[in-house]
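Okay, structure first, notes after.
The values are calculated or read from the model by the stated rules, or taken from the named source; none is laboratory data. Keep in mind that this is a model prediction, so the values were computed, not measured. We place every Cβ from the backbone using ideal geometry, glycine too, and count neighbours over all the protein chains shown.
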Amino acid sequence: MTDKIALVTGAGSGIGRAAALALLDAGWRVVLAGRRPEELEITAAHAPGRSLVAPTDITDEAQVEALFAATAAAFGRLDLLFNNAGASAGGRLEDLSLEAWKRVVDVNLTGAFLCTRAAFRMMKAQDPRGGRIINNGSISAHAPRPYSVAYSATKHAITGLTRSSSLDGRPYDIACGQIDIGNAATEMTSAMAKGVPQADGSFAPEPLMDVKAVADAVVMMAGLPLDANVQSMTIMATKMPFVGRG
């Protein structure tokens, strides 16, 4: 696995950064996309000269097109897109503003679609053609947490995007799969160790797992030949309340 080209969204923190670092360690060159240039530069410093820092708002169609054009200009092709960037909005359903709802939909769903569309166009045209897309679905693509209607709705929708992309990519050697992650230890999930709302109305801490386990799983999925695909993988903290949630 040498000098294949990956693009990771949300590469400036959390799962995105961990996955980007693991891909770099595995020999990939990585395009680092995200909204915060300074955080992307920190990720890039892990392997100087092997990445492209590409500040991008994936909800903006023009910026996404520029991102993929920059990838083509720098590396000539794209072998992997990891649609990882995400946003959430907590609170009771009846109190959620339309603005907050739209923000989560724009990042989690529309942004993933825009990147997938651009990846399809690039992967179909390149020689050799094809590539792989991995979508970050989340445990919430299967079972919602309390007070997470926008996040859960978009993550359920990501499953539809994954399956449609998998089907539509077949004629062009584009494989698409989904990784559903539960309780990886990142800045975003640090509150879980202190306590979060449960389906039965209680408030309880939840176990976390090392985010490196997720990064290693992404590298494994990415490293498969294009005639094989992990369509769906669930990776979670072993003792978290998912099986039996609710």
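Points to keep in mind about this one:
- Unique match (being closer than 16 Å to Ile133 by Cβ, among the small types (Gly, Ala, Ser) and assigned to a loop (DSSP other than H, G, I, E, B)) among Gly49, Gly91, Gly86, Gly27: Gly86
- Test: residue in the stretch 128-142 that is farther than 16 Å from Ala237 by Cβ, hydrophobic (A, V, I, L, M, F, W, C) and assigned to a helix (DSSP H, G or I): yes
- Residues in the stretch 9-23 that are outside any helix (DSSP H, G or I) and either without any contact (Cβ under 8 Å) to a residue 24 or more places away in the chain or surrounded by 24 or more Cβ atoms within 10 Å (Cβ to Cβ) (or both): Thr9, Gly10, Ala11, Gly12.
- Evaluated against (1) in contact with a His (Cβ under 9 Å, 6 or more places away or on another chain); (2) within 30 Å of Gln198 (Cα to Cα), Leu21 falls short on exactly one condition, (2).
- Of all residues in the stretch 184-224, those that are part of a helix (DSSP H, G or I) and modelled with pLDDT of 85 or more total 12.
- Consider the stretch 184-228 and keep the residues that are touching a helix residue (DSSP H, G or I) at 6+ places or on another chain (Cβ under 7 Å) and of a type in the set (D, E, K, R). The one that is surrounded by the fewest Cβ atoms within 10 Å (Cβ to Cβ) is Glu187.
- Just one of the listed residues (Asp127, Asp106) is under 20 Å from Ala6 (Cα atoms) and acidic (Asp, Glu), and it is Asp127.
- Restricting attention to the stretch 53-69, the residues that are surrounded by fewer than 17 Cβ atoms within 10 Å (Cβ to Cβ) and over 22 Å from Lys102 (Cα atoms) total 2.
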